[in-house]
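A.B. asks: Quick one: the structure is below, and I'll ask about it shortly.
The values are calculated or read from the model by the stated rules, or taken from the named source; none is laboratory data. Just so we're clear, the structure is a prediction, and the values are computed from it rather than from any experiment. Cβ: placed from backbone, ideal geometry, glycine included. Neighbour counts: every protein chain shown. With ligands, DNA and RNA removed, areas are computed over all heavy atoms of the protein, side chains included. Shrake-Rupley method; radii C 1.70, N 1.55, O 1.52, S 1.80 Å.
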Amino acid sequence: MNFKVKDHYFKKAKKDNYLARSVYKLEEIDKKYKVFKKGDRVVDLGYHPGSWMQYTSKAIGESGKAIGIDIRPLNKTLLTLKNVKIFEKDIFDVQVPKDLEEDDYFDVLISDMAPNTTGIKSVDQDRSLNLVEKVFEILPIFLKKDGNFVIKVFDSNAAQQYLKSKRNLFKEFHHLKPKSTRTVSKEFFVIGIGYKVEE
Ligand SMILES: C[S@@+](CC[C@H](N)C(=O)[O-])C[C@H]1O[C@@H](n2cnc3c(N)ncnc32)[C@H](O)[C@@H]1O
């Protein structure tokens, strides 16, 4: 039987009506680095079930817009939020904002995407880095100059090397392991503030 540890953040998410405990990671990141502001247009890659969308929807207010994509079937409970739009799509099938019925760049791009894990460390690290590379590849087409960025990364030497080569893309580039991340987890988050636009 699959036993799910009902930890503090899991219970807190239930109580606060959030769709997942991951919301507290984004909340901590936003409190520390001021990722969102009212009126922002945000794209959330790998949004399902949608706690980041719930948080973002509130943070950007009615004048903002949050677009989520995920390979999983649409979570229609999110459609009660007026400033939210969701798509069932693979990130590898997305090239331009038009693929999400948008014409313009986004103020903020966030990605909590995680691959299906196999338990084989090197395979899982490669799959994760593959997703991270895809996100950096679409940044110049999706993110506005001075825009902000949050991405989940599974730690590995290759990931660290790759990220080093990208840190100049932003005015500020931070690494953070939020308090609500399980201690055994190898994940951390990269936060980019002030996109400089790729030369
Ligand atoms: C940890 S969950 C996201 C949780 C979400 N941030 C929340 O707060 O509810 C990671 C998601 O990434 C999605 N994902 C993985 N690979 C993807 C891909 N190639 N394209 C789109 N979504 C992907 C998975 O389907 C999964 O739903």
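A.B. asks: Say R0 is 35 Å: what FRET efficiency, to the nearest 0.05, do Val197 and Ala158 get from their beta-carbon distance?
C.D. replies: The calculated FRET efficiency here is 0.85.
A.B. asks: Can I ask one more? What does the extension gain come out to for Lys177 and Lys31, with contour length at 0.36 nm per residue minus their alpha carbon separation? Could you put the intermediate results ahead of the total?
C.D. replies: On the way: separation 146, 0.36 × 146 = 52.56 nm, distance 1.39 nm.
My answer for the length gained is 51.2 nm.
A.B. asks: Roughly how many Å² is the accessible area per residue of the stretch 23-90, as a whole number, for a 1.4 Å probe?
C.D. replies: 47 Å²
A.B. asks: What part of the accessible area of the chain, given as a whole %, is carbon or sulfur when the probe is 1.4 angstrom?
C.D. replies: On the chain, the fraction of accessible area on carbon and sulfur atoms equals 51 percent.
A.B. asks: Nearest 5 percent is fine: what portion of the DSSP beta bridges confined to the stretch 21-195 is antiparallel?
C.D. replies: Bridges in the stretch 21-195 are about 40 percent antiparallel.
A.B. asks: How about the stretch 46-150: which GluC sites (Glu not before Pro) there are in a DSSP loop, with at most 14 other Cβ atoms within 10 Å of their Cβ? Walk me through the numbers before you get to the answer.
C.D. replies: Working: sites: Glu62, Glu88, Glu101, Glu102, Glu133, Glu137; in loops: Glu62, Glu101, Glu102.
When the GluC sites (Glu not before Pro) of the stretch 46-150 are filtered for loop state and at most 14 Cβ neighbours within 10 Å, Glu62, Glu101 remain.
A.B. asks: Cα-Cα over 29 Å: which of Lys15/Lys152; Lys25/Lys134; Lys12/Lys134?
C.D. replies: With Cα atoms farther than 29 Å apart: Lys12/Lys134.
A.B. asks: Let me ask something else about it. Place a +1 charge on the Cβ of each Lys and Arg in the chain and a -1 charge on the Cβ of each Asp and Glu, then give the dipole magnitude about the Cα centre in debye, rounded to the nearest 20.
C.D. replies: Details: 37 positive and 29 negative charges, 221 e Å.
For this selection, approximately 1060 debye.
A.B. asks: What 222 nm value per residue comes from the helices of the chain, counting each DSSP H run with n ≥ 4 as -39,500 (n - 2.57) and dividing by all residues, nearest 500 deg cm²/dmol?
C.D. replies: Values: 5 runs with 59 residues, N = 199.
Estimated from H runs of four or more residues: -9000 deg cm²/dmol.
A.B. asks: Between Lys11 and Val184, with labels modelled 7 Å along Cα→Cβ, what's the label distance in nm to one decimal, could you check?
C.D. replies: Result: 2.0 nm between the two label points.
A.B. asks: OK, next. So what are the ³J(HN,Hα) numbers for the stretch 30-40, from phi and the Karplus equation (6.51, -1.76, 1.60; θ = phi - 60°), rounded to whole Hz, Gly and Pro as x?
C.D. replies: 5, 5, 7, 10, 6, 6, 10, 9, 4, x, 5
A.B. asks: Related question: Can you pull out the trypsin sites (Lys or Arg not before Pro) in the stretch 24-99 that DSSP calls coil and that have at most 15 other Cβ atoms within 10 Å?
C.D. replies: Lys34, Lys37, Lys38, Lys82, Lys89
A.B. asks: Compute the Cα gyration tensor for the chain, then decide on rounded, prolate or oblate, letting a ≥ b ≥ c be the square roots of its eigenvalues: rounded whenever a/c is under 1.5, prolate when a/b is larger than b/c in the other cases, and oblate in all that remain.
C.D. replies: Cα axes put the chain in the rounded bin.
A.B. asks: Compute the length gained on full extension between Thr77 and Asp103: take 0.36 nm times their separation in residues and subtract their Cα-Cα distance, giving the result in nm to one decimal.
C.D. replies: 6.8 nm
A.B. asks: So, one more: Output ³J(HN,Hα) for the stretch 150-166: one whole-Hz value per residue in order, computed from phi by the Karplus curve 6.51 cos²θ - 1.76 cosθ + 1.60 with θ = phi - 60°, and x for Gly and Pro.
C.D. replies: Calculated HN-Hα couplings, in order: 9, 9, 8, 9, 8, 5, 6, 4, 5, 5, 4, 4, 4, 5, 4, 6, 10 Hz.
A.B. asks: How far apart, in nanometres, would the label points at Lys145 and Ser122 be if each is projected 7 angstrom from Cα along the Cα-to-Cβ direction?
C.D. replies: Modelled inter-label distance: 4.4 nm.
A.B. asks: Using amide H atoms built 1.01 Å from N in the peptide plane, name the residues 5+ places from Lys85, or on other chains, whose amide H lies under 5 Å from its own.
C.D. replies: The answer is Ala66, Ile67, Gly68.
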